[in-house]
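For reference, the structure discussed in these notes is given below.
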Amino acid sequence: MGLGGASLEALFIEPNFIRRGGGRRLVEHARRLNGPLVVSVNEQNPKALEFYIACGFEVIARSPVDDGGRPFPLLHMRDTSVISSASNGSEGRL
């Protein structure tokens, strides 16, 4: 996993260990370190998109090219898990 502040820059799991909870644990660790996160996902990687949605991210923007200007569209996502847990209806209660 690579972090740049609150930006999740890279997350790779050995194929033999996919779907065993390691990716989710790494995301949770990054949240503990930095709070709500942002991540950009290659639109042509539906499994990664599915993973981040399952971890509580939502798509907020799309770029038709990657950071290097290559034709790999990116979906920019933000972490809503912290937002939704903070807005669970308990604010303002005495």
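The values are calculated or read from the model by the stated rules, or taken from the named source; none is laboratory data. The structure displayed is predicted, hence computed values, not measured ones. Ideal geometry is used to build each Cβ from the backbone, glycine not excepted, and the neighbour counts take in all protein chains shown. Keep in mind that these areas ignore ligands, DNA and RNA; they rest on the heavy atoms of the full protein, side chains included. Shrake-Rupley method; radii C 1.70, N 1.55, O 1.52, S 1.80 Å.
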**Request:** For segment 17-40, name all the residues that are of a type outside the set (Val, Ile, Thr), touching a residue at least 40 places away in the same chain (Cβ under 8 Å) and surrounded by 14 or more Cβ atoms within 10 Å (Cβ to Cβ).
**Result:** ARG31, PRO36, LEU37
**Message:** Looking at segment 41-59, can you tell me whether even one residue there is β-branched (Val, Ile, Thr), open to solvent by less than 60 Å² (accessible area, probe 1.4 Å), modelled with pLDDT of 95 or more and in contact with a strand residue (DSSP E or B) (Cβ under 8 Å, 6 or more places away or on another chain)?
**Reply:** yes
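Residues that are touching a helix residue (DSSP H, G or I) at 6+ places or on another chain (Cβ under 9 Å), at pLDDT below 95, at negative phi and surrounded by 11 or more Cβ atoms within 10 Å (Cβ to Cβ): does segment 60-72 have at least one?
Checking segment 60-72: not a single residue is touching a helix residue (DSSP H, G or I) at 6+ places or on another chain (Cβ under 9 Å), at pLDDT below 95, at negative phi and surrounded by 11 or more Cβ atoms within 10 Å (Cβ to Cβ).
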**Fill in**
Scanning segment 1-16 residue by residue, those open to solvent by less than 70 Å² (accessible area, probe 1.4 Å) and farther than 10 Å from LEU37 by Cβ turn out to be GLY2, GLY4, ALA10, LEU11, ILE13
**Asked** ASN88 passes all but one of (1) over 23 Å from GLY5 (Cβ atoms); (2) modelled with pLDDT of 95 or more; (3) open to solvent by 50 Å² or more (accessible area, probe 1.4 Å); which number fails?
**Response** (2)
